[in-house]
Amino acid sequence: MPAQFPFSDLHSFKDYVVFVQTYLPDRFRPREGVAPSDQWTLDLAFEGLRLGIRTAIEEKGPRQEFTQAATIIDDAYAAYRAARVRDGFFKLQELENLLKKVPSS
């Protein structure tokens, strides 16, 4: 069974972005009631970010902001994988600011 993420629409995905930014790269708390393979990791957090963009597109349709967001997510992931935590953090801040431009309601 695939991991469950704590969002179901653009509004809750925006909250997820802040959650991920707060706890990356390795400050996640253990998840209760989930398999060890579904505990938060860098890779799982970014899987959720990519899924969130797909969810946003399904909800709002294709938008320039979502295309740009996908690139930012890839850049942030590369930064975290290269141990450039500060760069990754600010990329996620850029993502958060970009998503604020898209109305959630």
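Since every read-out is calculated from the coordinates, none of them should be taken as a lab result. Note that the structure is a prediction, hence the values are computed from the model and not measured. Using ideal geometry, Cβ is built from the backbone for each residue, glycine included, and neighbour counts are taken over all protein chains shown.
Could you grab me the full set of residues in the range 21-67 that are among the polar types (S, T, N, Q), exposed (fewer than 14 other Cβ atoms within 10 Å of the Cβ) and either under 19 Å from L99 (Cα atoms) or in contact (Cβ under 8 Å) with a residue 60 or more places away in the chain (or both)? Of everything in the range 21-67, those that are among the polar types (S, T, N, Q), exposed (fewer than 14 other Cβ atoms within 10 Å of the Cβ) and either under 19 Å from L99 (Cα atoms) or in contact (Cβ under 8 Å) with a residue 60 or more places away in the chain (or both) turn out to be T22, Q64, T67. Taking each residue of the range 77-105 that is touching a residue at least 40 places away in the same chain (Cβ under 8 Å) and crowded, with 16+ Cβ neighbours inside 10 Å and looking for partners that are assigned to a loop (DSSP other than H, G, I, E, B) and not basic (K, R) with beta-carbon atoms closer than 8 Å, six or more apart or interchain, yields Y80/L24; Y80/P25; G88/L24; G88/P25; F89/L24; L92/L24.
Quick check: anything in the range 41-49 farther than 16 Å from L95 by Cβ and not β-branched (V, I, T)? Yes, the range 41-49 contains at least one residue that is farther than 16 Å from L95 by Cβ and not β-branched (V, I, T).
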